[in-house]
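S.K.: This is the structure, below, for whatever I ask next.
The values are calculated or read from the model by the stated rules, or taken from the named source; none is laboratory data. Quantities reported herein were computed from a predicted structural model and do not represent experimental measurements. Here Cβ is always computed from backbone atoms with ideal geometry, including for glycine, and neighbour counts include all displayed protein chains.
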Amino acid sequence: MRSLLFVPADSGKKFDKAMGCGTDAVIIDLEDSIAPERKADARKSAYEFLKAAGPSVKRPRLLVRVNGLDTGLLDDDLDAIVPGKPDGILFPKAEGGATVTHVDAKLTAREAIAGIAQGSVRILAQSVESAAGFFTAGTYCDSSPRLMGMTWGPEDLSSEIGALANRDGDGRLTEPYRLARSVCLLGAAAAKVPAIETVFVDFRNEDGFRRDTEDCKRDGFIGRLAIHPSQVPIINAVFTPSAKEIEHARKVVAAFDAQPGAGAVGIDGKMFDRPHLVRAKALLAGVTA
């Protein structure tokens with residue numbers, strides 16, 4: 001998934017726009033964008049949307065951001081939305097693999113009750129939204145076969161730290177949040193799942209958003225969360241391999257195919273070793289998927 005667009009669960013008028021904007025996934029939000037007194041109604045709206053949109057063959061993936069383990073709201077969220085057969089949940093404020101294992105068990109019970117195949121509902125962990133999440137980001141390996149990726153969140157983290165801001169005047173992350181971003185990326189690599197970049201809240205700053213998105217692609221993220229439909233085309237463009245990138249990847253694969261057993265090969269005056277081959281194959285696999 002390249003682009004994952006948030007839509008508040010109680011904003012039904014925004015669902016149609018989200019479904020038609022080209023995003024790879026729609027995240028129906030039951031957490032931060034929903035006031036406490038609106039949670040029950042929002043759950044009903046989320047379920048109704050899942051039931052209506054789910055059977056469509058050509059649709060983005062449908063995820064639901066539930067409330068965290070420590071809120072006392074998660075069980076009610078899962079009771080409401082699992083029968084709607086979402087493709088996955090976004091699990092906020094995850095604090096290590098043990099918390100994902102805990103949520104896995106909750107999903108397994110509800111899938112059984114709803115008559116849904118075990119493991120149908122995947123988990124995208126919002127893994128670095130707290131100080132505890134920072135220090136447990138390397139513990140997700142083998143936590144659950146449901147784990148489909150890891151992302152992070154500077155807004156909750158900055159609130160916990162007591163920071164005045166998490167980006168500077170140019171829209172770049174400040175030092176604590178650059179570190180948190182890197183920890184998420186490395187934690188996902190350790191767990192062997194994709195890393196998804198966080199949101200960029202200044203959605204009118206297209207130049208800054210594109211620059212920031214290109215930076216996260218360079219560093220190893222494979223997609224990005226979005227808060228506005230206008231961000232989706234930029235995300236998709238950045239994370240769709242260019243013709244030049246595809247051609248280069250094919251050259252790398254062809255060069256190694258021509259020299260079986262070689263540890264490194266020369267292409268256009270530069271040396272490429274086996275890690276470059278792994279990346280080239282991964283890029284081409286994504287193009288043909």
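S.K.: Taking the range 68-77 only, how many residues are surrounded by fewer than 18 Cβ atoms within 10 Å (Cβ to Cβ) and in contact (Cβ under 8 Å) with a residue 24 or more places away in the chain? Please lay out each step first, then the result.
M.R.: Applying the first criterion (surrounded by fewer than 18 Cβ atoms within 10 Å (Cβ to Cβ)) to the range 68-77 yields 70-72, 75-76.
If we keep only those that are in contact (Cβ under 8 Å) with a residue 24 or more places away in the chain too, we end up with 75-76.
Adding up the residues that qualify gives 2.
S.K.: Related question: Just give me the residues in the range 164-195 being more than 26 Å from Asp142 (Cα to Cα), surrounded by fewer than 17 Cβ atoms within 10 Å (Cβ to Cβ) and touching a residue at least 12 places away in the same chain (Cβ under 8 Å), in sequence order.
M.R.: Asp170, Gly171, Arg172, Pro176
S.K.: Anything in the range 196-230 that is crowded, with 22+ Cβ neighbours inside 10 Å, more than 27 Å from Leu284 (Cβ to Cβ) and under 16 Å from the mean Cα position of the chain (by Cα)? List them, or say none.
M.R.: Result: Thr198, Phe200.
S.K.: Do any strands (runs of 3 or more DSSP E) lying entirely in the range 196-285 carry at least 1 residues that are assigned by TED's automatic domain parsing to the domain that holds Val183 and under 25 Å from Ala137 (Cα atoms), and which ones are they? Lay out the reasoning, then the answer.
M.R.: Numbers: elements: 223-226, 264-267, 270-273.
Correct list: 223-226.
S.K.: Can you report the number of residues in the range 78-117 which are on the phi > 0 side of the Ramachandran plot and among the charged types (D, E, K, R)?
M.R.: Number satisfying all stated conditions: 2.
S.K.: Scan the range 241-255 and give yes if some residue there is closer than 15 Å to Glu197 by Cα, surrounded by 15 or more Cβ atoms within 10 Å (Cβ to Cβ) and out of contact with any Ser or Thr (no Cβ under 6 Å at 6 or more places or on another chain), otherwise no.
M.R.: No, that holds for no residue.
Results for (1) among the β-branched types (Val, Ile, Thr); (2) surrounded by fewer than 23 Cβ atoms within 10 Å (Cβ to Cβ); (3) farther than 20 Å from Arg122 by Cα, shown as yes or no for each residue.
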site	(1), (2), (3)
Leu5	no, no, no
Ala9	no, no, no
Gly12	no, yes, yes
Lys17	no, yes, yes
Glu48	no, yes, no
Val66	yes, no, no
Asp79	no, yes, no
Asp87	no, yes, no
Phe91	no, no, no
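S.K.: When you scan the range 52-71, how many residues do you find that are more than 25 Å from Ala105 (Cβ to Cβ) and over 19 Å from the mean Cα position of the chain (by Cα)?
M.R.: Of the residues in that region, 6 qualify.
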